[in-house]
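To start, the structure under review is shown below, and the notes come after it.
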Amino acid sequence: MTSDTTMERVAEAWPSPQARITSVVYLAYFLTVMSAQFLMKGLIVSTDAAATANNILAHESLFRMGFAINLIATALYIALTALFYNLFKPVNRLLALLAAFFSLVGCAVQALSYVVYLAPFILMGGAPYLSAFNLGQSQALVLMLLKLRSQAEQIDLVFFGFFDLLIGCLILKSTFLPRILGVLMALAGLGWLIFLFPPLANNLSRYILPLGFLAELFLMLWLLVKGVNVRRWQEQAGASGARQ
């Protein structure tokens with residue numbers, strides 16, 4: 001076996017630094033999202049405004065920490081978007097750019113919606129101008145705004161649906177990642193797009209949410225453990241450069 005052949009096989013099997021960095025950022029995103037959900041679990045009671053307001057005020061530090069971690073998670077996904085663009089631009093630069101655009105819009109909607117998490121501390125803060133509202137009204141406003149944030153989450157899921165769908169297409173067109181990952185990401189994207197029709201999405205969310213989570217989890221694990229076929233990525237990058 002020649003040394004060139006040996007090096008070629010090593011390049012095919014060993015995760016590239018780019019894939020490794022992408023997977024690490026991906027993993028950090030997953031961990032921050034799960035941490036935020038754990039910290040804020042049970043604080044919001046969708047049917048009880050008084051309990052929600054009291055829970056948030058009683059566990060203010062946890063709620064604020066969850067807010068901060070959610071912002072960090074969004075920042076990580078913005079970084080991940082840039083890394084995905086760099087990874088997939090040799091496949092199709094326009095599709096990769098379009099995917100990045102949808103992801104960034106989703107991140108912007110998500111980040112803006114997190115502002116609502118500050119509402120309980122303003123409405124329940126006892127400022128003189130809030131005397132126009134009695135306690136029950138303030139508590140109801142807190143829950144209403146938190147439910148509004150939940151509606152905004154469905155909007156950002158639509159943009160992330162387009163992102164996942166395009167990433168799935170890019171994986172299918174690539175030669176350096178398994179096509180099954182592309183199929184899973186495309187199906188996840190189609191699932192998120194069902195949130196264009198909220199009543200249908202609410203009925204199917206028990207199936208949509210696990211599919212989206214598993215698709216991104218499998219992609220993250222593949223990039224972390226196996227990486228990409230470096231030789232084929234370089235071939236596509238070279239072919240892409242030659243076409244420009």
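Every read-out reported here was derived from the displayed coordinates using simple, explicitly stated rules and does not represent laboratory data. Just so you know, these numbers come straight off a predicted model, no measurement behind them. Using ideal geometry, Cβ is built from the backbone for each residue, glycine included, and neighbour counts are taken over all protein chains shown.
Counting lysine pairs in the chain that sit 8 or more residues apart in sequence, or on different chains, and whose Cα atoms lie under 25 Å apart gives 4.
Between 0 and 90 degrees, the angle of helix 230-243 with respect to the longest Cα principal axis of the chain falls at about 90 degrees. Normalising the average separation of contacting C-alpha pairs (under 8 angstrom, six or more residues apart) by the number of residues puts the relative contact order of the chain at 28 percent. Here the Karplus relation 6.51 cos²θ - 1.76 cosθ + 1.60, evaluated at θ = phi - 60°, turns the backbone of the range 211-223 into coupling constants of 5, x, 5, 5, 4, 5, 5, 5, 5, 4, 5, 5, 5 Hz, with x for every Gly and Pro.
Round to the nearest 0.05 the FRET efficiency obtained for L172 and N134 when R0 = 51 Å and r is the Cβ-Cβ distance. Once the sixth-power term is evaluated, E becomes 0.35.
Rule-of-thumb check for the range 130-192: C-alpha Rg over 2.2 N^0.38 Å?
Numbers: Rg = 20.0 Å, N = 63, 2.2 N^0.38 = 10.6 Å.
Dividing the Cα Rg of the range 130-192 by 2.2 N^0.38 Å gives 1.88.
Across the range 169-175, computed HN-Hα scalar couplings (Karplus, 6.51 cos²θ - 1.76 cosθ + 1.60, θ = phi - 60°) run 5, 5, 5, 5, 7, 7, 10 Hz from first to last residue, x flagging Gly and Pro.
Of the chymotrypsin sites (Phe, Trp or Tyr not before Pro) in the range 127-197, the ones in a loop by DSSP (not H, G, I, E or B) with at most 15 other beta carbons within 10 Å are F133. Exposed loop sites here mean trypsin sites (Lys or Arg not before Pro) with a DSSP loop assignment and at most 16 other beta-carbon atoms within 10 Å; the chain contains its longest site-free run at 42-225. Between L87, L135, L157, the GNM of the chain built on Cα springs shorter than 10 angstrom shows L135 fluctuating the most.
Which ordering of I122, I69 is given by a fewest-first count of other beta-carbon atoms within 10 Å? Could you put the intermediate results ahead of the total?
Numbers: I122 13, I69 20.
Going from least to most buried by this count: I122, I69.
Pair-distance distribution P(r) for the chain, from all Cα-Cα distances in 5 Å bins starting at 0: 1, 6, 11, 16, 16, 13, 11, 8, 6, 5, 3, 2, 1, 1, 0, 0, 0 percent.
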